[in-house]
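This report refers to the structure that appears directly beneath it.
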Amino acid sequence: MRSFDVCECGAPLRRMERPTPKPAGTEVLLKVLAAGVCHSDLHLWDGYFDLGGGKRLKLEDRGMKLPFTLGHENVGEVVALGPDAQGISIGARVLAHPWIGCGTCKLCQRGDENLCLSMRSLGVFRNGGYADHLLMPHPRYLIDIGELPPERAAPLACSGVTTYSALKKVPTLKSEPLVIIGAGGLGLMCIALHKAMGGHSAIVVDIDPVKRAAAAKAGAAAVIDGGAADATQQIIAATNGGAWAVIDLVGSSATARLGIDGLVKGGRYIIVGLYGGDVTVSLPPLPMRALTLQGSYVGNLAELTELVDLVRRTGLPPVPVASRPLDDVNAVLGELRAGKIVGRVVLRPN
Ligand SMILES: [Zn+2]
Ligand SMILES: [Zn+2]
């Protein structure tokens with residue numbers, strides 16, 4: 001099999017060849033049909049997240065070992081089964097749940113493997129789908145996609161379930177406008193799923209006019225330039241007095257400031273994006289205004305299963321998806337880093 005691996009943080013991925021694995025025990029071997037390129041792949045490639053104030057969260061300290069294969073949004077065809085892999089058949093086309101946990105800690109036991117205390121995620125702590133084959137530990141992580149096209153289903157594993165899980169944390173989803181900060185691939189997915197879930201209306205904030213135009217086209221009720229001096233006032237005006245909920249898909253110091261300052265009393269700021277930075281928050285307004293600041297990290301297996309079911313019933317989110325050969329991976333990552341990609345790029349191995 002061949003794969004493109006991170007051999008040195010930040011350096012171009014290297015094309016590697018090694019024997020195609022034979023599944024043992026409950027393992028399942030997939031032939032990769034589509035692998036989405038996610039913005040967080042840039043952080044994983046760099047090997048750290050920016051914590052603000054010059055501090056970094058190093059993935060090496062969290063157990064990431066080089067070399068490894070990136071890619072956590074994968075659709076594949078089942079081509080081989082371990083002797084104990086049950087409930088799945090050769091030829092099935094499946095979406096791979098990437099947020100795999102240890103299975104034994106309390107978080108895993110309550111169904112939140114995505115919050116496991118010792119994560120084994122695909123494309124982070126075990127090899128992902130920037131490859132022609134992908135070895136999965138157990139059939140339970142494979143969700144049948146039916147007739148969905150692989151390149152459209154692949155992004156559901158990260159950008160889909162991440163936004164779906166954040167949207168599920170909004171108690172006022174159907175009754176009040178929702179502010180969504182960031183109109184990249186994740187933002188467009190969020191707008192589409194918000195609509196599919198019966199959301200009231202979406203007010204989308206982005207500093208880039210091209211992305212604002214894409215958000216308006218995708219059905220945003222209003223778009224706001226996050227770089228405008230009066231952006232906070234615009235959010236408060238567009239939500240009739242302040243937002244009941246903000247989903248921040250960027251997660252920078254500037255967007256956090258904007259999101260928190262734009263809340264109404266009782267409002268909820270949900271941070272998803274991992275851009276990085278820090279903010280200083282005055283404490284008395286937290287209790288006095290009864291604000292909630294909440295983090296949301298990807299989603300669990302039950303949510304991904306629900307999401308695939310939702311999409312199979314209501315149709316695929318109309319997020320622009322460009323298909324590129326796997327061999328172009330380094331060019332694609334460069335374009336993503338330069339902010340030149342609207343929507344999603346999916347790699348195909350041949
Ligand atoms: Zn991702
Ligand atoms: Zn666990």
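Data table
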| read-out | value |
| --- | --- |
| Of 26, 305, 162, the one that fluctuates the most in a GNM where the chain has Cα springs shorter than 10 Å | 26 |
| Cut-off under 5 Å, modelled amide H: who pairs with residue 263 long-range | 243 |
| Which of 70, 107 has the fewest Cβ neighbours within 10 Å, and the rest in rising order | 107, 70 |
| Residue-wise HN-Hα coupling along the stretch 13-25, computed from phi with Karplus coefficients 6.51, -1.76, 1.60 (Hz; x: Gly, Pro) | 5, 10, 6, 10, 10, 7, x, 5, x, 9, x, 10, x |
| Formal net charge of residues neighbouring residue 272 (Cβ-Cβ distance under 14 Å; K, R +1; D, E -1) | +1 |
| Charge context of residue 285, other residues only, Cβ under 15 angstrom, K/R +1, D/E -1 | +3 |
| Flagged links, alpha-carbon separation over 22 Å, of 195/217; 169/217; 169/340 | 169/217; 169/340 |
| Highest-fluctuation residue, 238, 183, 256 considered, GNM on the chain with Cα pairs under 10 Å | 238 |
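The numbers here are math on the coordinates, done by the rules we state, and not lab data. Please read all numbers here as calculations on a predicted model, not as lab measurements. With ideal geometry, Cβ positions are generated from the backbone for all residues, glycine too; neighbour counts draw on all protein chains shown.
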